[in-house]
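Comments concern the structure below.
The values are calculated or read from the model by the stated rules, or taken from the named source; none is laboratory data. This structure is a prediction, so every number in the text was calculated from the model and none was measured. Because the Cβ atoms are built from the backbone with ideal geometry, glycine has one as well, and the counts that use them run over all protein chains shown.
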Amino acid sequence: MAEVFLVNPLATINRQHVHFLRDWCGGELPGSVVYPPLDLASAAALLQRNNVSVSLVDANALHIPHKTIVEMIVKQRPKFVGIPSAWGSIKDDLLLAKMIKERYPAVKIIISGPNVTVDPAIALDSGSVDYVILGELEKPFLEIIKGRVIRNLAYKINNEVVVTDRDLLEDLDSLPFPARDLLPNKRYRAPFTARNPFTLMNTSRGCPYKCNFCQVNIWYMNKIRFRSLDNVIEEIDEIVNKIKLREIIFRDQTLTINRQRVLLLCQRIIDKKYDISWRCFSCVDTVDSELLKMMKKAGCHQVSYGLESGSQTVLDSSDKGITLEQIRNAVRLTKQAGIEVSGAFMFGMHGDTTETIKDTLNFALDLDLDFAQFQVASPVPTTKFYEYCNNKNDPCYVHSGPLRWYGWSKTKSTDSLMQNKVKEAYRRFYFRKQFLYKQLKTMRDPGRFVLQIKTALDFLGALSRKVNTSQN
């Protein structure tokens, strides 16, 4: 039997299955999109390298309920169970921990996630969690298993929470590639990929930008680290030739932050003649025509930009550091290169008004976007936006409550207003004649088009469900 049992839980909130990204983001995904738990797979690989036997169950992808997971753990009797958490899933995750402890008290339960990194006591005070990992999983997980509790951990001694110092693994090349062979790879599908199934991959960790609403530095501590290109190419080779996948989503916060590195990476991919397609995240001030054309030649089919707002005032207020003109230019150049564009927008940012939210929606509709994501800006602890929202003298003051991808509670009326704005945005963007016609005209895969419509309906359905903030 495995010494360590890692589980990516399936959350049930208000009797609905909810999918979460249980990594640095901790966000919520629509029901038709399931991402592989890359962090868990990476931790599993490091444990295996150190001769620790591991089971990894992606209950989120396989729709395995807590009760079944508990039975699997009781049967396997591991020494340790690892559970990643997310902003909106913590109560459900602690319920799973409690269920495990009640049936198998001897097991040590380890929980991770941006939420418990900020506030480890919320997990440790539950009485069901033995250790909280602060930030990245790989090193501290191994430290616990080997009995060396040194850094990046929180735990209790004599009923007092002990929080150790934090550091980051500098040499990312020293990590083994994620144990994708432990994952149900055929289950990972999304409407914005060129081919399904897909996998995730990081070529770097961290982000140099200082957007005041973003939680990335809870995880990465204001540092950015790069893997060597040799190491990156080796992992791509494993994905293509061993795992047999052809679609990659690069989860780097900003893949294009180092222009020369991306040019070299693209040339290496081209030289290898890989039959792959890929998608990445970028910022509009880091791309140009030459770079985008090279990315296209190397298999890039879509770039996702964090555009956030159609109001320059709101962009400035959010420390985004970009202009509306830069947004227009990046979208135009990306389309000219033959690459799809996905834009992410937020309503309710610092400085937003009814008029600026209207401007943002109109801006999104006017841009030549292939996909768009709209969400309510959530005040994540440790961010400046959180400070603004908890200042009673600030117009965006909120009553802090459970964070969900689809918004938060200022007041019941404001919460409803924000959700209605997001619903309106999804309806107007995805169900307009121009969008539907373009998708049908350029359709390469009917299944992808169906998944796109299903995802939009999932978003609308999730927004239509009443969020019970007392139980989430």
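Going through (1) in a loop (DSSP other than H, G, I, E, B); (2) in contact with a helix residue (DSSP H, G or I) (Cβ under 6 Å, 6 or more places away or on another chain) one by one, Ser42 falls short only on (1).
Looking only at residues of the range 129-145 that are closer than 21 Å to Ser42 by Cα and of a type in the set (D, E, K, R), we find that the one that is surrounded by the most Cβ atoms within 10 Å (Cβ to Cβ) is Glu136.
For the range 293-323, the tally of residues that are free of Cβ contacts under 8 Å to residues at least 60 places away in the same chain, surrounded by fewer than 17 Cβ atoms within 10 Å (Cβ to Cβ) and over 30 Å from Leu245 (Cα atoms) stands at 4. What residue, among those in the range 121-138 that are part of a helix (DSSP H, G or I) and touching a residue at least 40 places away in the same chain (Cβ under 8 Å), is nearest to Leu6 (Cα to Cα)? The selected residue is Glu138. When Asp171 is tested against (1) closer than 22 Å to Asn115 by Cα; (2) out of contact with any helix residue (DSSP H, G or I) (no Cβ under 9 Å at 6 or more places or on another chain); (3) modelled with pLDDT of 95 or more, only condition (1) is not met. Filtered by the rule that a residue be surrounded by 19 or more Cβ atoms within 10 Å (Cβ to Cβ) and over 26 Å from Lys79 (Cα atoms), the range 1-19 gives Ile13, Val18, His19.
Of the residues making up the range 354-366, at least one is modelled with pLDDT under 95 and crowded, with 18+ Cβ neighbours inside 10 Å. Residues in the range 146-167 include none that are assigned to a helix (DSSP H, G or I), surrounded by 13 or more Cβ atoms within 10 Å (Cβ to Cβ) and of a type in the set (Asp, Glu). Considering (1) closer than 25 Å to Ser126 by Cβ; (2) of a type outside the set (A, V, I, L, M, F, W, C); (3) touching a residue at least 40 places away in the same chain (Cβ under 8 Å), the lone condition that Tyr35 does not fulfil carries the number (1).
Please verify whether Lys244 is assigned by TED's automatic domain parsing to the domain that holds Asn196 and out of contact with any strand residue (DSSP E or B) (no Cβ under 9 Å at 6 or more places or on another chain), treating the condition exactly as stated. Spelling it out, Lys244 is indeed assigned by TED's automatic domain parsing to the domain that holds Asn196 and out of contact with any strand residue (DSSP E or B) (no Cβ under 9 Å at 6 or more places or on another chain).
For Ala86, the stated conditions hold: it is in contact with a Lys or Arg (Cβ under 7 Å, 6 or more places away or on another chain) and buried (at least 21 other Cβ atoms within 10 Å of the Cβ). Annotation note: Cβ proximity below 6 Å between a residue of the range 57-72 that is in a helix (DSSP H, G or I) and a residue that is aliphatic (A, V, I, L, M) and crowded, with 21+ Cβ neighbours inside 10 Å (sequence gap 6+ or interchain) occurs for Ala59/Val7; Ala59/Leu10; Ala59/Ile69; Asn60/Leu10; Ala61/Val34; His66/Leu96; Ile69/Val7; Val70/Ile100.
Candidates Ala154, Ala123, Ala97: the one that is of a type in the set (A, V, I, L, M) and within 22 Å of Lys75 (Cβ to Cβ) is Ala97.
Look at (1) farther than 25 Å from Trp278 by Cα; (2) in contact (Cβ under 8 Å) with a residue 12 or more places away in the chain and you find that Gly343 fails only one, number (1).
Kindly evaluate Ser112 against the criterion of being touching a strand residue (DSSP E or B) at 6+ places or on another chain (Cβ under 9 Å) and within 24 Å of Pro197 (Cα to Cα). It is false that Ser112 is touching a strand residue (DSSP E or B) at 6+ places or on another chain (Cβ under 9 Å) and within 24 Å of Pro197 (Cα to Cα). When the range 42-52 is limited to residues that are surrounded by fewer than 24 Cβ atoms within 10 Å (Cβ to Cβ) and in contact (Cβ under 8 Å) with a residue 40 or more places away in the chain, the one that is nearest to Lys75 (Cα to Cα) turns out to be Val52.
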